[in-house]
1. Between A138 and T95, what FRET efficiency comes out of the Förster formula 1/(1 + (r/R0)^6) with R0 = 35 Å and r the beta carbon distance, rounded to 0.05?
2. Compute the distribution of all C-alpha to C-alpha distances in segment 83-174, in bins of 10 Å from 0, and list the percent of pairs in each, rounded to whole numbers.
3. What does the charge count near M170 come to, summing +1 for each Lys or Arg and -1 for each Asp or Glu among other residues with Cβ under 9 Å from its Cβ?
4. Once the other residues with Cβ under 15 Å from the Cβ of T191 are scored (Lys, Arg +1; Asp, Glu -1), what is the net sum?
5. Take every Cα pair under 8 Å in the chain that's 6+ residues apart, average their separations, divide by the length, and report that relative contact order as a whole percent.
6. Taking one equal scatterer on every alpha-carbon of the chain, how large is log10 of I(q)/I(0) by Debye at q = 0.11 1/Å?
7. Which longest run of the chain has no exposed loop site in it, a site being trypsin sites (Lys or Arg not before Pro) in a DSSP loop with at most 14 other beta carbons within 10 Å, and the site itself not part of the run?
8. Would you list which aspartates and glutamates come within 20 Å of K91, measuring only between C-alpha atoms, while excluding same-chain residues fewer than 8 positions from it?
Amino acid sequence: MSKTPGKHQKIIILLIFLITLGPFGFAYTLYKKGNKAQLKLNNHGDLITPVINVEKNQAISGEQLLGKWWLVYVGPKNCRLECHDMLYNLKQIRTALGKDTPRVERLFIAHPNCDKSVCETFISDNYPDMKRITMPLADFNQLFAGLSQHFEREMVGEVYIIDPKGNLMMRYSADSQARDILSDVKRLLRTSKIG
């Protein structure tokens with residue numbers, strides 16, 4: 001004597017079906033909606049995909065960058081208070097890393113059209129341990145083309161992270177909070193065994 005499934009058994013079968021296929025339906029809905037805000041990862045900066053290997057750029061020697069993480073500040077055309085604040089914040093971020101401080105260095109890339117004597121003097125007076133690079137306008141534009149708005153880069157500058165393999169892999173606008181950059185750097189150092 002076989003009994004037909006009761007109401008309770010039908011509910012259990014329906015629940016098993018929903019539990020199995022529910023996540024696929026949810027993922028499909030998110031994919032079709034294209035809601036990037038809901039899909040954003042824990043990082044605060046913008047991931048650069050694909051990463052850009054800076055060794056290919058003549059002005060930046062990859063050998064000097066390999067083996068360490070780099071906080072890179074691409075300076076604006078005119079270094080004003082915002083520029084000075086960001087340089088100070090990068091110093092503080094590195095200091096806040098504690099025992100991981102030796103794994104991270106700082107790099108200033110001057111905008112090709114800035115007054116280099118002012119930039120160089122300010123940085124050498126206030127941040128003598130910060131590495132500095134200048135590059136021709138064509139190389140500068142080629143390296144940073146497509147990563148951000150030209151206007152933003154010229155006016156306020158930007159922050160990038162270079163990994164120990166020489167890859168430009170994360171970008172922050174100049175109005176990013178230092179605590180957000182610090183949070184991302186700490187996460188990178190915690191999860192990375194290189195550098």
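Read the figures in this text as sums done on the coordinates, not as results from a lab. Bear in mind the structure is a predicted one, so any value in this text is a computation, not a measurement. Glycine gets a Cβ as well: all are built from the backbone with ideal geometry, and neighbour counts include every protein chain shown.
1. Here the calculated transfer efficiency is 0.50.
2. Going from the shortest bin to the longest, the percentages are 14, 49, 33, 4.
3. Once positives and negatives cancel, what remains is -2.
4. Net of charged neighbours comes to +3.
5. Result for the chain is 31 percent.
6. Once normalised to I(0) and log-transformed, intensities are -0.56.
7. 81-192
8. E82, D100, E105, E120, D125, D129, E158, D163, D175, D180, D184
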